[in-house]
Amino acid sequence: MELNIRERTQKVCQALSDVKKLSLRGIAQSLGVSKSSVHRHQQAMARRNQYPESKLWESQAGAEWLKRLVNATLLIFCLKGGMGCETVAEFFHLLRLEQHVGVSVASLRKIRSQLETHIIDYGQEQLKTMPAGERPLEICASADETFFDQAVLVLLDLASGFIVVETFSEDHRYETWQQQAQQALSQLGLQVRYSVSDRAKALVKLALEEMGCASIADLFHALWELSSGIGRELSTQIFGVNRRLRQLSEAPENPALQATLQQQQTALMAAQQQFHQGLRQLSLTLHPFSWKSGTVQTTQQVAAQLSDDCQALLPLKIAQHLPDKEGSIAKFERQIQDLSAVVDLGWQWVQQSLQEQGCDPALQVWLAQVFRPLSDWQAQSQRTKTPALKVAYQSALQQAQAALTQHPLTATLSPAQRTHWQTWANVMVSRFQRASAAVEGRKGYLKPIYHNRRGLSSHRLQVMTTLHNFYLKRADGTTAAQRLFGKPVPDLFEHLIQQMPNLPQARRRKTAAKPENPALHNVPA
């Protein structure tokens, strides 16, 4: 087989570096090329070897490492991070690679285009190999849209993070959602158990009519509406009082007024702390277990408690004379039933899973009410970043740990059984989803990518979707596709390295001629 230029260069480099030196004629005979060809390669190598590390890139191992470096840089910084090829070209020039690899902007754009094509092909191939079971996989979905030049529709599984739909659309009406969701769900063999949304009419109708599942209100948006309602009005009052106090401190002419404002400031700060505590209480209530007692909760119990927690905000509104122009408290009250419905849906999923595994009643009770709370509170304590919530979740975690240790059935399980049921509990915890934070996070990720690239094409969006589903990994080392379908997938980057061609050769630049000094003509006197 005939060698290309890079392969001949590597052979010549290896021959010149051998302990047993060969002449140019001997190297030419061993490689089956002309002596002049060997001589030209030797001269080119001498021109390239300008730095101490330059000789490394002439070998086969060095060339393979450069290929990995260039493709990894474009994958991480251009495709995943939204950086331009101009910046990457500057980076490679700082590494002094321009003599060994074509790292011009045009060359890098060509390589990036090849990467995008192979990434899309990889994703399509993997989706074809996903196992089709006897019945559809059940997911807890969430859908929303974000807007650029066009609307981007996003539908994903909250438990695994797998993006089912991510596409540009001219509108976000129910008919559009219906078409996109029906096609994607049928192709992947998925069935939606329940859908979490921000109560947009098209999304509620999509869940109830197209997906045939319950539509759950999103706790994230419900709490945000409270914060943007009476929470914002309370913050506005605090800002006004603080501004007047600063003005009086610069020219203290009315001590009585200043004392009155300080009292108002103290009362408003206490009210704000009470409001934040009320939001935390609403978040702590919406769980399958009571964080105080550790007992099992039902939808009816959670709805009653949420109603009481919401009513506790009314005295705060009255005491601070908050108009609540947005009607945030009333909006939250209208969503209580749709918020709390997820509790019973989660318990139904748990009971179905235990019955399918043929567990006896005693083991079912222990798994659902004693073993599962430990995984639930552990996941919540790791997920939250709010200090007060973390303290509450850790307290509930300690209580669950004590209950599990004291239960007589705990000591009868073998380590293998304990590992099996721990995996089951983690899956059940992931299937209890009360907020669409994953969709909001995806929308937040798309926005800077769109602005960095000054636009986003359908082709590039498809690349990013494939990277999300088959490349990004959680702390446990699993991808979204692996978590959803339960099947490991080949490493995307190693697949790309095998599919990508050799890097382009560095071009020898022509030295530009220096302009001559202009001739100065005599100026007539």
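What follows draws every value from the coordinates through simple rules; no lab data is involved. Remember, predicted model here, so these are calculated numbers, not experimental data. Here the Cβ positions follow ideal geometry from the backbone for every residue, glycine too, while neighbour counts run over all protein chains shown.
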- Note on the structure: Cα extents of the range 106-199 per principal axis, largest first, Å, are 47, 36, 22
- Query: Too long at a 26 Å Cα-Cα cut-off: which of 128/201; 201/447; 292/325; 205/443; 110/487; 201/325?
  - Reply: 128/201; 292/325; 110/487
- Mind jotting down the three principal axis lengths of the range 198-307 based on Cα atoms? Whole angstrom, largest first. 68, 38, 16
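Express the relative contact order of the range 185-261 as a whole percentage, based on alpha carbon pairs under 8 Å and six or more residues apart in sequence.
Relative contact order of the range 185-261: 21 percent.
Within 13 Å, Cβ to Cβ, of residue 400, how many net charges do the neighbouring residues add up to if Lys/Arg are +1 and Asp/Glu are -1?
Working: positive: 292, 372; negative: 376.
Net of charged neighbours comes to +1.
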- Counting only C-alpha contacts under 8 Å and six or more residues apart, can you give the relative contact order of the chain as a whole percent? 19
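So what's the convex hull volume per residue for the Cα atoms of the range 423-475, in Å³?
104
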- Relative contact order, percent, of the range 246-403 when contacts are C-alpha pairs under 8 Å separated by at least 6 residues? 22
- Task: Please report, in cubic angstrom per residue, the volume enclosed by the convex hull of the alpha-carbon atoms of the range 249-321.
- Result: 95
- Message: Principal axis extents for the chain, Cα atoms only, whole Å, descending order, please.
- Response: 94, 91, 49
- Message: How charged is the neighbourhood of residue 364? Take every other residue with its Cβ under 12 Å from the Cβ of residue 364, and add Lys/Arg as +1 and Asp/Glu as -1.
- Response: -1
- Under DSSP loop assignment and at most 14 Cβ neighbours within 10 Å, longest trypsin sites (Lys or Arg not before Pro)-free interval of the chain: 174-291
- Message: Considering all projection directions equally, how large on average is the shadow of the alpha-carbon convex hull of the range 385-519, in square nanometres?
- Response: 18.3
